[in-house]
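Asks: Take this structure, written in C-alpha cells, and hold onto it; I'll ask about it next.
The values are calculated or read from the model by the stated rules, or taken from the named source; none is laboratory data. Source: prediction; values computed, not measured. Glycine gets a Cβ as well: all are built from the backbone with ideal geometry, and neighbour counts include every protein chain shown.
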Amino acid sequence: MSIVLSKAEELAAAISASEELVVLRQAAERVDSDEMATAALQKFSEKQEMVQRAASSGLQLPPEQMEELQEMQGQIRDIPSIQDFASAQTCFTELMDKVNEIISAAVMGREPGDSPEPHSHSSSCGCKGH
C-alpha cells in the first residue's frame, strides 16, 4: 500500500476517534431518543416535502404555508437536543474544514506556517480546543 493511502487510513482513524465526532454521535443519539425532537423533525420533513413537491410542480404556495414552515423551523431550533446537535455538527464541520485546509495547503505547496491553526474556532462550540 502506498504511504499516501496508509496516512489516509491513519487520518480516518484519528477523525473517527476525535472528540468532535464522539460528541456529534452522542448528540445525534440524544435527538433520536428525544420524542419531542423526532416528532417535530418528522412533521417538519413532511411539510417541507409537500412544499418541495408543490414547487417542482410549478404550483405557487400561499404565503401562510411558507410562514408555517418557517415557524416550524424556528420551533425545532428551540429544542435543546437539536441545539446541542447543531453545535456539535458545527464543531465537526469546522474540524473537517481545517483538515481540508491543511491538505490543500500542502498540495498547493504553501509553507506549513501559512496553513491555518488546527483549532481556531470559538470556545463556545463545546469541543474544548481539540
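Asks: Name the residues in region 74-90 that are within 8 Å of the chain's Cα centre (by Cα) and either free of Cβ contacts under 8 Å to residues at least 60 places away in the same chain or within 13 Å of Ile15 (Cβ to Cβ) (or both), would you?
Replies: Answer for region 74-90, where residues must be within 8 Å of the chain's Cα centre (by Cα) and either free of Cβ contacts under 8 Å to residues at least 60 places away in the same chain or within 13 Å of Ile15 (Cβ to Cβ) (or both): Ala86, Thr90.
Asks: Further question on the same structure: Please verify whether region 110-123 includes one or more residues that are at pLDDT below 90, assigned to a helix (DSSP H, G or I), closer than 30 Å to Leu11 by Cα and small (Gly, Ala, Ser). First the steps, then the outcome.
Replies: The first filter runs over region 110-123 and keeps only residues at pLDDT below 90, leaving 110-123.
From what is left, the residues that are assigned to a helix (DSSP H, G or I) are 112-114, 123.
Cutting the leftovers down to closer than 30 Å to Leu11 by Cα gives us 112-114, 123.
Adding the requirement that they be small (Gly, Ala, Ser) leaves 113, 123.
There is at least one residue in region 110-123 that is at pLDDT below 90, assigned to a helix (DSSP H, G or I), closer than 30 Å to Leu11 by Cα and small (Gly, Ala, Ser).
Okay, residues lined up against (1) modelled with pLDDT under 90; (2) out of contact with any strand residue (DSSP E or B) (no Cβ under 6 Å at 6 or more places or on another chain); (3) over 18 Å from Leu95 (Cβ atoms):
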site	(1), (2), (3)
Leu5	no, yes, yes
Glu10	no, yes, no
Ala13	no, yes, no
Ser18	no, yes, no
Ala37	no, yes, yes
Ala54	yes, yes, yes
Ser57	no, yes, yes
Leu61	yes, yes, yes
Glu71	no, yes, yes
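Asks: With respect to Ser33, is the statement that it is within 23 Å of the chain's Cα centre (by Cα) and under 17 Å from Cys91 (Cα atoms) true?
Replies: In short, no.
Asks: For Ala8, state whether it is without any contact (Cβ under 8 Å) to a residue 24 or more places away in the chain and not hydroxyl-bearing (Ser, Thr, Tyr). Write out each step before concluding.
Replies: Numbers: without any contact (Cβ under 8 Å) to a residue 24 or more places away in the chain: yes; not hydroxyl-bearing (Ser, Thr, Tyr): yes.
So Ala8 passes the test.
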